[in-house]
1. Please determine whether any residue of region 345-355 is of a type in the set (Phe, Trp, Tyr) and within 14 Å of Gly162 (Cβ to Cβ).
2. Give the residue that is nearest to Thr459 (Cα to Cα), with candidates limited to residues of region 368-385 that are modelled with pLDDT under 80 and small (Gly, Ala, Ser).
3. Quickly run through region 191-200 and pick out the residues that are β-branched (Val, Ile, Thr) and in a helix (DSSP H, G or I).
4. Find the residue count for region 302-347, including only residues that are among the aliphatic types (A, V, I, L, M) and in contact with an Asp or Glu (Cβ under 8 Å, 6 or more places away or on another chain).
5. Only helices (runs of 4 or more DSSP H) wholly contained in region 201-305 count here; list those with 3 or more residues that are within 20 Å of Thr423 (Cα to Cα) and in the same structural domain as Phe331 (by TED's automatic domain parsing).
6. Within region 386-418, track down each residue that is touching an Asp or Glu at 6+ places or on another chain (Cβ under 9 Å), among the small types (Gly, Ala, Ser) and modelled with pLDDT of 80 or more.
7. Among the residues of region 177-203, how many are more than 16 Å from Gln314 (Cα to Cα), of a type in the set (A, V, I, L, M) and more than 21 Å from the chain's Cα centre (by Cα)?
8. Determine whether Leu322 is part of a helix (DSSP H, G or I), within 24 Å of Leu175 (Cβ to Cβ) and in contact with a helix residue (DSSP H, G or I) (Cβ under 9 Å, 6 or more places away or on another chain).
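The values are calculated or read from the model by the stated rules, or taken from the named source; none is laboratory data. All values derive from a computational prediction rather than experimental measurement. Cβ: placed from backbone, ideal geometry, glycine included. Neighbour counts: every protein chain shown.
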Amino acid sequence: MESTVVEEESGLSRRPPGPGPVLAHPRLTLTVLLCATFMQFLDVSIVNVAVPSIQRDLHAGTGTVELVAAGYTLAYACLLITAGRLGDRYGYRRLFATGMAVFTVASLACVLAPDSAFLIGARVVQGLGSGLMAPQVLSVIQVEFPPSSRGKVFGSYGTAIGSATVVGPVLGGLLIALHLFGLDWRLVFAINLPVGVAALCAVRAIPPSTRQTRERLDPAGVALIVAGLALLMFPLAVGRQQGWPAWSWCSLVAAAVVLALFCWTQINRERRGRDPLLHLRLLRNRTVRLGLLVVLAFFAGVPPFFFLLSVYLQAGFGHSALVAGVTQLPFAVTTAVGSRVSGRLARRYGNTTLVYCTAAVSVSMLALALIVHGVGVRVTPWELAPPMLVGGAAFGVFTASAFSMLLAQAPAAAAGSASGMLTTVQQVAGSLGLTVGAVVFFASQPAVIGGAERRSAATSFFHTLLYETVVFALACLGTLSLRRVSAAAELHRG
């Protein structure tokens, strides 16, 4: 994959060239990292299926149950940048192990929750543990795995994300239906326990650290970035369901002010030679800037597609969570295939690979829209399979290629900072996309979940798919610009 010269554009030193480090147990290391990634994303999608059971068992209102889902994603997103920097300072394995321990204990607390308030608190702590882990996964992949195998590793990472998103509703439905030991919805959180314990037992497979800095943390920066992201994410998570009250708009405005202040303080710290929480000098690299915008656009389309497809099939057509999940399996299967071949495609086509992938996903969304519009109320899951196969393969290639390209721009000194920045953009994009996608879906027929006719559900999802087509088309336009920038950089170096 083409890349620009970071030391010229960002002012930071690249890691020394060479074949890269050699891991003692690369397969075990990767298994531990991917299990953590899978569980992190599974805990986002699996809870949606459990909402009715939680409401019934804990006698919780709709707004309260919304916080069970939002509390996790809010805490997760707010900690990513800080956690990435902590990994640079204290070591990736140490932060990963701490995050996994917090995540596992919080999962046990979710299982034992006596009421909704306790469950919400446990979910917030669970999100904090997940937020501590996530940047360390990308940092370890980028720093510890040799360049020759990094493409396949990022491919597996993309597969873990896609699989968790698709498997979550199916697994959640199965666990609730089994009703083992009378646990009902609590099984959704109980499955984290054996995985968490196993990961903690095998955590020594992750090297202690290739680099532990003596750089001081920036307490003011931590406070600003956490506050800014919280002010941004919370209204995105619950604002639509509450009718966008005045406080939600005030929160978004305050988020813009606080995040701008955070950026100003980080720039000032860099100018004075102090250690910043976030290496904003990375953004001097045009490849990084454009790449992050492409990731923002792309992942603004992915989460709403899966969520609203489930709503379309379950609320609109009365299908079970199992049927909704099976409908998404073609996407998951080809995601794995695309991830496996992403390295070879990237070596052969460079950044043009991203152009092809975003275009393919956009076309697949348009094809789905035409199918839904043409078939209407008679749609069956298998009719959606061909475009899902294409979209999944393109998603797998894109995730592996884009993440590998962007993190390759970061020097070893800023690996954690770059990982935190990338995962934060990904999470913010997903929340923003869910908000806009839900507005588009429910604007067509606000009562669709309340038992509207199938035609209303089909119309709503058709409009959502048009939104998806536009979002991925915008991502495609961004990749065209990215290809031109990379080509110009290669010409300049030559």
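1. To start, the set of residues in region 345-355 that are of a type in the set (Phe, Trp, Tyr) comprises 349.
Within this subset, residues satisfying the condition of being within 14 Å of Gly162 (Cβ to Cβ) are none.
Taking every residue of region 345-355 in turn, none turns out to be of a type in the set (Phe, Trp, Tyr) and within 14 Å of Gly162 (Cβ to Cβ).
2. Gly376
3. If the condition is that a residue be β-branched (Val, Ile, Thr) and in a helix (DSSP H, G or I), then Val195, Val197 are the ones that fit.
4. So the answer is 0.
5. Values: elements: 219-238, 246-271, 286-299.
The helices (runs of 4 or more DSSP H) meeting that bar are 286-299.
6. Across region 386-418, there are no qualifying residues.
7. Kept after step one, since they are more than 16 Å from Gln314 (Cα to Cα), are these residues of region 177-203: 178-203.
Next, only the ones that are of a type in the set (A, V, I, L, M) stay: 178, 180, 183, 187-188, 190-191, 193, 195, 197-200, 202-203.
Now restrict to residues that are more than 21 Å from the chain's Cα centre (by Cα): 178, 180, 183, 187, 190, 193, 197-198, 200, 202-203.
Adding up the residues that qualify gives 11.
8. Values: part of a helix (DSSP H, G or I): yes; within 24 Å of Leu175 (Cβ to Cβ): yes; in contact with a helix residue (DSSP H, G or I) (Cβ under 9 Å, 6 or more places away or on another chain): yes.
The answer is yes for Leu322.
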